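I have placed the structure first, in the form of structure tokens, so that the comments after it can refer back to it.
The values are calculated or read from the model by the stated rules, or taken from the named source; none is laboratory data. Predicted model, so just to flag it, every value in this text is computed and none were measured. No Cβ is skipped: glycine too gets one built from the backbone with ideal geometry, and neighbour counts run over all protein chains shown. Accessible surface areas use protein heavy atoms only, side chains included; no ligands, DNA or RNA. Shrake-Rupley method; radii C 1.70, N 1.55, O 1.52, S 1.80 Å.
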Amino acid sequence: MPPLVTYKVLARLLFTTVASLATHEGAHASSSLNFLSIGDHGMRNDKTEAIVARMAAVKEEIDASFVLLAGDNFYPKGVASVDDPLWESHFTGLFTPEAFPVPFYPVRGNHDYRSPNPDAQLEYYTKHGEEGRWIFPAAYYQTKKTLADGTTIDFIFLDTILLAPEASESETAINLHDDEQRKEKQYVWLEAALAESTADWLLVVGHHPVFSGGEHGDTPSLVARLLPLLEKHHVDMYVSGHDHTLQHLQHLPTTHTQFFVNGNGAKMGHVRNVTQAHVRRAEVKLGFMSHELTRESMITKAIDREGGVVFEYTQLPRRRAALIAELEEGRGTNEGDDEERPLHGSMPALPREQLVGAMKGAPVTWEEIEAENYSSPALRGVRSKRYYLSSSSTSSRAGDVKQHHAYLRGHETPLILLMSLVGMTIVTLTILLKRRAPSFAASSPPPYHHSFCLVGSSYLQSFVSFTEQQEGEEEEGAGQRKGEKAVRTASGASLPGGGSW
């Protein structure tokens, strides 16, 4: 293996390790990520108070980090402004800061769009920021979470009112989604966000279900256009509301995405089981869902207001499994100039066996992959995109969209800054230790601060060498790198633009 490739691999691993230890709010000290979700909960009565009380108990039990809100956050007609009394009665007074000192990530439902000002829910975040716990930076947006072991999770939040005209129940929403340009803009943003994701887990949240055995049933426009995107980019889970039920659906073999309808937060619907998908479970019980995610699996539980588990499902990280399977078949390594294997164009030119070992990380065996029906036809759908040995991007809640811009611009600048900071720290420690030990004689053995100096000099020398090699490499492939940068910049520019109205 060439020395430069080895150094670049070590540099990426170093950067990933430090990033995972950073104190960003998007990074988690634990090797698990636990959170809650609820939809169609926007009422205040004895039943919803009982549900929220149960949520608070489960939050403490699993140490949930945040809550996903699947829309219809305020019945019957949303909120009119940031000062609407419903904010106090339905949010701050119901999900109190004492019981829920965690962020809430919402999407809007059809009832939220009945407001004369549907954007009031976005304006609330603009006014209160993170302290308000209502994290709603744009009509559609995304956030990234990173666990202590380096596992990455991407969450993408959609405004399905614009994407599903036939599912609308308000004149305001109809006026909005009839604007075809807004719909197309969101799909452009979504495709870019999905394509750029290198996360181990990828979850999508929207108010309207793709499939449902409830009172509204399937959403035809989402089946026609959103479903293929979920399949193409190996989305692990789609969480929705709208139908006032608790459901788990699958659509095998078309896609391995797990579909959860979580709309029993305040109202009781009914089950019809008339859907294109396979309904694994469908119940009408007021409740919510909990999610416990690690590198190896994600456990989803539907929980009623009495604390009973309505159903439970454990799934494997299929995105990583699909990539591992492709590598083990011999497709995806970038050794040589094979134009038919562009998947790992940005990865170091490692032997296939090493790539497989690096990507496996978690104990997902080939037998498990085969058991999950990862046959050759399924593998042909693995998308052609870049994968690194491990992701190295985290983001804070307030800067999710902004930091995703920086992530798309590449990893080199943060790496250079990190290496410079480490070098400066070593030099500073050397100076301080030397001042605190003035009595050492010139003939004495080199004290420990000399060792720091040697380490610092060696480190900085390696950094300079690495930089020079990088510059030489950039000169050789200037045309190719310019092309990649143009594509990346174009994708990054489109990500948050469609979200803010």
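Which of the residues spanning the stretch 33-66 are assigned to a helix (DSSP H, G or I) and over 13 Å from A266 (Cβ atoms)? Once the filter is applied, which keeps residues that are assigned to a helix (DSSP H, G or I) and over 13 Å from A266 (Cβ atoms), the stretch 33-66 yields A53, R54, A56, A57, V58, K59, E60, E61, I62. Any residue at all in the stretch 137-148 that's modelled with pLDDT under 95 and hydroxyl-bearing (S, T, Y)? For the stretch 137-148, residues modelled with pLDDT under 95 and hydroxyl-bearing (S, T, Y): absent. Number of residues in the stretch 211-226 that are in contact (Cβ under 8 Å) with a residue 60 or more places away in the chain and closer than 14 Å to H248 by Cα: the value is 4.
Residues of the stretch 55-71 being surrounded by 20 or more Cβ atoms within 10 Å (Cβ to Cβ) and either over 24 Å from F259 (Cβ atoms) or under 22 Å from the mean Cα position of the chain (by Cα) (or both), which ones?
K59, A64, F66, V67, L68, L69, A70, G71
Please indicate, with yes or no, whether at least one residue in the stretch 184-207 is touching a helix residue (DSSP H, G or I) at 6+ places or on another chain (Cβ under 7 Å), among the basic types (K, R) and under 27 Å from P118 (Cα atoms). Within the stretch 184-207 (the criterion being touching a helix residue (DSSP H, G or I) at 6+ places or on another chain (Cβ under 7 Å), among the basic types (K, R) and under 27 Å from P118 (Cα atoms)), the answer is no, since none of the residues qualifies. Scanning the stretch 244-256 for residues that are modelled with pLDDT of 95 or more and in contact with an Asp or Glu (Cβ under 8 Å, 6 or more places away or on another chain) yields H244, T245, L246, Q247.
Taken together, the residues in the stretch 178-196 that are modelled with pLDDT under 95, open to solvent by less than 50 Å² (accessible area, probe 1.4 Å) and either over 29 Å from T294 (Cβ atoms) or assigned to a loop (DSSP other than H, G, I, E, B) (or both) amount to 1. Only one of the numbered conditions (1) at pLDDT 95 or above; (2) more than 15 Å from the chain's Cα centre (by Cα); (3) more than 23 Å from S297 (Cβ to Cβ) is not met by N175, and that is (1).
Listed by first and then second residue, the pairs with beta-carbon distance under 8 Å, at least 6 apart or on different chains, first residue in the stretch 101-130 and over 23 Å from V52 (Cβ atoms) and of a type in the set (A, V, I, L, M), second open to solvent by 10 Å² or more (accessible area, probe 1.4 Å) and at pLDDT below 95, are L122/S500; L122/W501.
Scanning the stretch 69-86 for residues that are in contact with a helix residue (DSSP H, G or I) (Cβ under 7 Å, 6 or more places away or on another chain) and more than 14 Å from P116 (Cα to Cα) yields G71, D72, N73.
Checking each residue in the stretch 410-422 for being at pLDDT 75 or above and in contact with a helix residue (DSSP H, G or I) (Cβ under 8 Å, 6 or more places away or on another chain) picks out L418, V422. When E169 is tested against (1) modelled with pLDDT of 90 or more; (2) among the acidic types (D, E); (3) not in a helix (DSSP H, G or I), exactly one condition is not met: (1). Scanning the stretch 268-317 for residues that are touching a His at 6+ places or on another chain (Cβ under 7 Å), more than 20 Å from L252 (Cβ to Cβ) and crowded, with 18+ Cβ neighbours inside 10 Å yields a count of 2. Exactly one residue out of F74, F155, F100 is modelled with pLDDT of 95 or more, under 25 Å from the mean Cα position of the chain (by Cα), in a loop (DSSP other than H, G, I, E, B) and crowded, with 21+ Cβ neighbours inside 10 Å: that is F100.
V274 satisfies every condition listed in (1) closer than 21 Å to L203 by Cβ; (2) at pLDDT below 95; (3) among the hydrophobic types (A, V, I, L, M, F, W, C) except (1).
If you go through the stretch 111-147 and keep only what is of a type in the set (D, E) and closer than 14 Å to L86 by Cα, you end up with just D112. Scanning the stretch 103-134 for residues that are of a type outside the set (F, W, Y), surrounded by 23 or more Cβ atoms within 10 Å (Cβ to Cβ) and in contact with a Pro (Cβ under 8 Å, 6 or more places away or on another chain) gives R108, D112, Q121.
Would you pick out the residues in the stretch 248-264 that are open to solvent by less than 10 Å² (accessible area, probe 1.4 Å) and not hydroxyl-bearing (S, T, Y)? Give the steps one after another, and end with the answer.
Kept after step one, since they are open to solvent by less than 10 Å² (accessible area, probe 1.4 Å), are these residues of the stretch 248-264: 248-249, 255, 257-264.
Passing the criteria: H248, L249, Q258, F259, F260, V261, N262, G263, N264.
Annotation note: of E88, E130, the sole residue that is of a type in the set (D, E) and under 24 Å from the mean Cα position of the chain (by Cα) is E130.
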